[in-house]
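First comes the structure, then the notes that go with it.
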Ligand code: 6R9
């Protein structure tokens, strides 16, 4: 495997953090974990107790069937209970918790000159007005509302307004094309679209309204936010929802290319995002928390809006980019708001690493206590840089593995409890029971590698695919009856740590050796001149499959170093992992959330020209460039 176990350095939780932590040491984690599995009823009941229930549950905390051979797949949390998400994340704090004047969000615009502060009381008032506007427009409980907004407070106001009146929000990331937006509106059959006229991302103006609607303003149909909000009353009785009513739909890409509408429900999602936020970021009332994700993705839903608000937290809400107007923007914001907990993606870390330590030195990062990552496996190089340079060796890095479908973190360290190994998402969160299976569905014990699955639900797991229960069951439950299948590969080491090896379709078999593209990528990334690497498989007459590597250099002017890279991968992993092709790539094709699209790279490697719809790519032009250069490599 990538790192011989003997060379692994463990990172232990800092004592200062342990003193006051919710889960202060590894033994406490084990005790609580055991309780969560042995007595989920008591465990989740206790979590539910702090929230407001208009009517208590009549059924158990969790019921489920994960076995297709025994009937329909379902998960049910707190049957009979009635509540309201918005009430729990706003009114409860303002009315019961006396947090009205506490800052909910420090909003920081694309330009450093634009910023504002929003308290819990102000947020509640805006949300009620927006809820009344939606009602006025005829939106009723159960109706879908599509939201196509940038990272501005109105986005959070609109999503909570939907939650307040029982409408189901469907947020579409504001970087998606009109075609993608259209597809999602049609699938959800939304009656209202909330958008903005435009937004600056860095220097670039994006005309959201034009994208939403090629025709100009239609006075019969369209209304201005400011006008309708101004005239709207700021009190609105929440709609008391059933525990299992849908809260939102969020589309995630499917393997066939057609997006799937993942459905999350009210009570379970509230319990799970709230608890994971509290424990994984060891939240305390004086924290300033910042998650750099966009609310258009699940990370933003769970860990910018619902999880933090459920805890009465103060968060930074950032509209801009990490490198605008300068490459130290993140560090500047951390200093400005004295951020204590910082959560970002490996792709952002790798981007910022390229600029070295200089941009960080200008800012005071001493407020930081805990760092987090999400979205992809993080290569140990990037992990160490994050830990040493950003966190100054003082802050645990919580590498949180989860999915749109899981609703919240499922494999993750707890910062004061878990000894860390760079690149490992470590252990399961409370209530989560992972297993590793082989191709035949047999459970593998001890040190092993295979398919990552979960045996039981936790409250925040998805309930269905919108209007497509059959696709839901086939995608996640058909392959291994009795388990939720993540689609990710996973390794368990001698200490029981879980290591995500990437999507199963990113596994490859070279001369009978199963390996993950992620481990070859990590080996390439070790080379100091490499800024990013993506590895895919290509059919090979002798080996079955072989490795085709796309490498982006830190300095593009550097000469061809293919031989050096091949040598370093051989050295790091072994001769079985010798790459057959290295292509110098000026950039890699990525989704708008920053995930490398390996499907497309695979097609480039195989010279398959028919790539289908590229509209989910952040920059589709990259693909053409890679095809044109290809002949040099292959
Ligand atoms: C939250 C989110 C889910 C897929 C998931 C996996 C990858 C996410 C990861 C990770 C390794 C981590 N992934 N976190 N891989 N380590 N810490 O990203 O949701 O957009 O649905 O993506 O992302 O492959 O299956 P989503």
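What follows is calculated from the coordinates using simple rules that are stated; it is not laboratory data. Please read these numbers as outputs of a predicted model, since none were measured by experiment. All Cβ positions, glycine included, derive from the backbone under ideal geometry; neighbour counts span all protein chains shown.
Approximating the spin labels as points 7 Å out from Cα along Cα→Cβ, the residue 227-to-residue 559 distance works out to 6.6 nm.
Here the calculated FRET efficiency for residue 615 and residue 209, from their Cβ-Cβ distance with R0 = 22 Å, stands at 0.70, rounded to the nearest 0.05. So in segment 97-238, what percent of DSSP beta bridges are antiparallel if you round to the nearest 5? Percent antiparallel among DSSP bridges in segment 97-238 is about 50.
Taking other Cβ atoms within 10 Å as a rough exposure proxy, 156, 596 sort from fewest to most as 596, 156. Rounded is the label for the chain, because a/c, from the alpha-carbon gyration tensor with a ≥ b ≥ c as root eigenvalues, stays below 1.5. Cβ crowding within 10 Å, taken as a proxy for footprinting-reagent exposure, orders 433, 237, 220 from fewest neighbours to most as 220, 237, 433. Is any residue of segment 281-319 close enough, with backbone N under 14 Å, to a label point placed 7 angstrom from the Cα of residue 20 along the Cα-Cβ axis, and if so, which? From segment 281-319, the list is 282-288. Using a/c under 1.5 as the rounded threshold, could you call segment 386-471 rounded, prolate or oblate? The axes a ≥ b ≥ c are square roots of the C-alpha gyration tensor eigenvalues, and prolate needs a/b larger than b/c, oblate otherwise. Note, shape of segment 386-471 comes out oblate. Once both labels are positioned 7 Å from their Cα atoms along Cα-to-Cβ, the gap between residue 220 and residue 55 label points is 4.2 nm. Taken over segment 13-62, the ratio of Cα radius of gyration to 2.2 N^0.38 Å equals 1.49. If you model segment 186-337 as an ellipsoid using its alpha carbon gyration tensor, with each semi-axis the square root of five times an eigenvalue, the axes come out at 27, 25, 19 Å, biggest first.
Highest average first, the peptides 476-484, 223-231, 342-350 ordered by how many other beta carbon atoms sit within 10 Å of their residues are 342-350, 476-484, 223-231. If the chain linking residue 355 and residue 64 were pulled fully straight, counting 0.36 nm for each residue of separation and taking away their Cα-Cα distance, it would gain 99.9 nm. The Cα center of segment 295-345 and the Cα center of segment 35-67 differ in position by 31 Å. Think of it as helices only: each DSSP H run of n ≥ 4 in the chain is worth -39500 (n - 2.57), and spread over all residues that comes to -8000 deg cm²/dmol at 222 nm.
Report note on the peptides 176-184, 610-618, 122-130: ranked by the mean count of other C-beta atoms within 10 Å, highest first, their order is 122-130, 176-184, 610-618. Hey, if you drop one equal point scatterer on each alpha-carbon of segment 250-332 and run the Debye formula without solvent, what base-10 log of I(q)/I(0) do you get at q = 0.11, 0.19 Å⁻¹? Here log10 of I(q) over I(0) equals -0.38, -0.91. Normalising by the residue count of the chain, find the relative contact order in percent from Cα pairs under 8 Å and 6+ residues apart. Relative contact order here is 13 percent.
Sorting 290, 240 by the number of Cβ atoms found within 10 Å of their own Cβ, with the fewest placed first, yields 240, 290. The simple Förster model, with R0 at 51 Å and r as the Cβ-Cβ distance, assigns residue 338 and residue 439 a FRET efficiency of 0.50. Over all pairs of different C-alpha atoms, segment 68-160 has a mean inverse distance whose reciprocal, the Kirkwood radius, equals 15.9 Å. Counting every alpha-carbon pair across segment 450-593, the share separated by more than 22 Å comes to 51%. Relative contact order of segment 82-218, taken over Cα pairs closer than 8 Å and 6 or more residues apart, is 21 percent. Over segment 360-488, Cα pairs under 8 Å with separation of 6+ residues give a relative contact order of 17 percent.
Share of pairwise Cα-Cα distances greater than 21 Å in segment 1-87 is 59 percent (whole percent).
Run the paramagnetic zone check for residue 607: 7 angstrom along Cα to Cβ, then residues of segment 542-559 with backbone nitrogen under 19 Å. Counting backbone N atoms under 19 Å from the label point, the list is 542-550. Note on the chain: antiparallel DSSP beta bridges, both residues inside, total approximately 65 percent of the bridges counted.
The alpha carbon gyration tensor of segment 524-624 gives principal lengths a ≥ b ≥ c with a/c of 1.5 or higher and a/b no greater than b/c, which makes the shape oblate.
Distance between the C-alpha centres of segment 410-460 and segment 508-562: 27 Å, rounded to the whole angstrom. A full extension of the chain between residue 324 and residue 447 corresponds to an added length of 39.8 nm, given 0.36 nm per residue minus the alpha carbon distance. The share of alpha-carbon pairs in segment 38-101 lying farther apart than 16 Å comes to 58%.
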